[in-house]
Amino acid sequence: MRLTKFYLPTLRQAPSDCDTVSAKLMFRAGMIRKLSSGIYEWLPLGLRVLKKVEQIIREEMDKIGGLEVWLPHLLPKEPWVETGRWYVYGDELFRLKDRKGAEFCLSPTAEEIITSLVRNELRSYRQLPVMFYQFGTKFRDEIRPRFGVIRAKEFYMKDAYSFHKDETDAEEYYTKVVDAYSKIFKRCGLKFLIVEATTGPIGGKFSHEFMVVRTNNTANSSQSKNIPEIAGEETIVYCSYCNYAANIEKAECSYEISQNIQPEKLPLEEVYTPNKKTVEEVSLFLNEPPEKFIKTLVYVEPLPENKNVHNVYVVLVRGDYEINETKLKEKLGVHNIILADNNLVEQIFNVPVGFLGPINLAVVNISVVNKYFLVADRSVEYIVNGISGANKKDFHIKNINIYRDFSPDIIEDLRNITLSDPCPKCKSKSLKFSKGIEVGHTFKLGTKYSKSMNATFLDENGKEQFYVMGCYGIGVSRIVAAAIEQSYDEDGIIWYPTIAPFSVYLLPIDYKDKEIKHTTDKIYDILTKNNIEVLFDDRDERPGVKFKDADLIGCPIRITVSKKTLPDNVELYIRKTKQTKMVTHQDIVKEITATIELLKQI
Ligand code: ATP
Ligand code: MG
């Protein structure tokens, strides 16, 4: 491709609202532009990368028997009502009406649609197993679109759905998909971890996420200290001793070990704590460790029919721990729960925030409360002679003991795991945290969708059975940004060869010079004939501009044609290692092919 015939609007500076390295570089390299918050246009260079990722995914999906389909993005309400997700998906679902008033949504995922298709199309166990997949735009009204295309409102996804005659078959196939996903991410040059994950609004029995993590070769090791943490929103916890890895949302905590046993239960004692509200403040004031505190938080779930009335969950957790809202939602079986603001807390209990506690806490304003529950994290069961608010301003209570002084309605594992917890799998104290970008998610769905949508087939005995299903997503557009997050330096992007927009950047120092022009044209011809993708910078620009652009867009190899090395040689430069080498015209194809193969190994 001749650059004068291409569109490569590179920028010196990224727009000021770019909040990550990858967003900045995608803008500067002329890969994307922003239409509106979370909505992006993909320019020719960006699209070339996106299409390469898509093709790698397609090949690996086909290898495990996937059949590509194309499903609509504008989806009627009815199947969503059948599964109930029309009501529980919440504000993330884009909803709209046609001119007749019929309701629709823009597809955030397609379980309902594929299940309805299969329900109408397939009949017999002989047609199973089957996996359909598609590439398509997905729409989600994300609460905080950010990090460029990493969290967008409209993005490009590969989603796949498999249908099986029984659990065993579904589980065997799930393993094959996990394997295919690993191959995909490896072929894209990504360093990733497979972690246990929660199932969220998609549901099902279990799930795994594929997380791109920060690597040391993000740039020259001498600079790596200055490089920001990968723009991942997910926190992964992993064990450096065994192979355990999970999204922190999912990681289960052990409780026995973190107990704080003091055998004698002392009598309750009210203490004056003027203006001391947080665990830190009261802990300092009373000179007691945060582990002795029972933190009291108020969560509310507004009723769909009247947003001023709530189900109220007072949630207790040990003072040094954090509540895990994903676990909380899952254990309570609620979708739309939020931390109440100070005004609402005072309205419900007539106690200022900071002085709430589990003893005799009572709802005073019943007009805003539908149901009320006292919920405790397991850690609270192990607190002996604990401290919490006295439910009156400027007072706390000491020596609180569960069951003697209060009894929760619900006790569950509701907190975030910490680095001092033992590994949930091997029990060693070797946990570590890492930030990650979720690029793929696999779900073992079971019969959640087939049952609610009554999708059945006839088994060997002619008996109707529900399909056992799996679903598997990959964020294609997110991968492009994640790959950049893992591989760049101060000059720009460093593409892994398989997803690079072009393998070679061909750079004549002065294209108006006859000899240089002759050689460059010849090389361009040779490379194109040998199917090597090359971007030929035939612009009438200063060499400095061309070198800067070459580094910024990050093709794995740059070939420089200059008077210095002619007539016999041209310079081959490797973007990742910054090494240069002189090569003859005759050897150029061989050298490029060998270098690309080498780059795939590192
Ligand atoms: P997240 O936790 O990041 O919101 P999710 O669990 O909602 O992701 P899935 O429903 O499993 O995502 O979607 C499959 C894949 O689509 C994800 O693994 C991710 O790579 C990608 N994806 C999800 N939401 C977005 C988004 N808003 N923008 C870009 N890619 C996304
Ligand atoms: Mg999401």
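The values are calculated or read from the model by the stated rules, or taken from the named source; none is laboratory data. Computed from a prediction, not measured in an experiment: that's the story for all the values here. When we count neighbours, we look across all protein chains shown, and the Cβ atoms used for this are built from the backbone with ideal geometry, even at glycine. Accessible surface is based on the protein model in full, side chains and every heavy atom, while ligands, DNA and RNA are left aside. Shrake-Rupley method; radii C 1.70, N 1.55, O 1.52, S 1.80 Å.
Counting only the Cα atoms, segment 1-135 fills a convex hull of 187 Å³ per residue.
The length gained by stretching the chain between residue 286 and residue 514 to full extension, at 0.36 nm per residue less their Cα-Cα distance, is 73.6 nm. How would segment 340-415 be classified by its alpha-carbon gyration tensor: rounded, prolate or oblate, with rounded meaning a/c under 1.5 and the a/b versus b/c comparison settling the rest? The shape class here is oblate. With Cβ to Cβ distances under 10 Å as the rule, what net charge do the other residues near residue 542 carry (K, R +1; D, E -1)? Charge balance near residue 542 sits at 0. Here's the list of aspartates and glutamates a cross-link from residue 276 could span, going by alpha-carbon distance under 18 Å and ignoring same-chain residues fewer than 8 apart: 288, 291, 320, 346, 394. Only Cα pairs under 8 Å and 6+ residues apart enter the sum, and on that basis the relative contact order of segment 269-412 stands at 30 percent. Taking 25 °C and 0.890 mPa s as conditions, the chain diffuses translationally at an estimated 89 µm²/s according to Stokes-Einstein applied to its Kirkwood radius (Cα pairs). Would you give the gap between the C-alpha center of segment 411-455 and the C-alpha center of segment 292-318, rounded to a whole Å? So the separation of the two Cα centres works out to 24 Å. For residue 5, the aspartates and glutamates whose Cα falls under 19 Å of its own Cα, not counting residues fewer than eight places away in the same chain, are 510, 521, 525, 533, 537, 538, 540, 541, 549. Surface exposure of segment 502-601, expressed per residue as accessible area with a 1.4 Å probe, stands at 48 Å². Under Stokes-Einstein, with the Kirkwood radius over Cα pairs as Rh, the value for segment 491-542 at 37 °C and 0.692 mPa s is 273 µm²/s. Its Cα gyration tensor gives segment 502-601 an equivalent ellipsoid, and the semi-axes of that ellipsoid, as √(5λ) in whole Å with the largest first, are 19, 16, 12. Debye-formula intensities of segment 235-348, expressed as log10 I(q)/I(0) at q = 0.23 Å⁻¹, are -1.33 (one equal scatterer per alpha-carbon, no solvent).
Count the DSSP beta bridges whose two residues both fall in the chain, then state the antiparallel fraction as a percent rounded to the nearest 5. Roughly 75 percent of the DSSP beta bridges within the chain come out antiparallel. For segment 140-214, the Kirkwood radius over C-alpha pairs fed into Stokes-Einstein at 37 °C and 0.692 mPa s yields D = 224 µm² per second. Taking a straight line from the alpha carbon of residue 307, these lysines sit under 26 Å away, with near neighbours fewer than eight places off in the same chain left out: 77, 97, 153, 327, 329, 331, 371. Rounded to the nearest whole Hz, the Karplus-based 3J(HN,Hα) values (6.51 cos²θ - 1.76 cosθ + 1.60, θ = phi - 60°) of segment 536-551 follow the sequence 9, 7, 8, 6, 8, 10, 5, x, x, 5, 5, 4, 4, 5, 4, 5, with x at glycine and proline.
Each of residue 178 and residue 120 was given a label point 7 Å from its Cα along the Cα-to-Cβ line. The distance between the two points is 3.5 nm. Among residues other than residue 150 whose Cβ falls under 10 Å from its Cβ, what is the net charge (Lys/Arg +1, Asp/Glu -1)? Surrounding charge for residue 150 is -1.
Entry note, the chain: relative contact order of 17 percent, from Cα contacts under 8 Å with a spacing of 6+ residues. Working from Cα pairs under 8 Å separated by at least six residues, relative contact order for segment 59-173 is 28 percent.
With the cut-off at 1.5 for a/c, could you classify segment 269-412 from its C-alpha gyration tensor as rounded, prolate or oblate? Prolate.
For the chain, the mean residue ellipticity at 222 nm estimated from helices alone is -7500 deg cm²/dmol, where every DSSP H run of n ≥ 4 contributes -39500 (n - 2.57) and the total is divided by all residues, rounded to the nearest 500.
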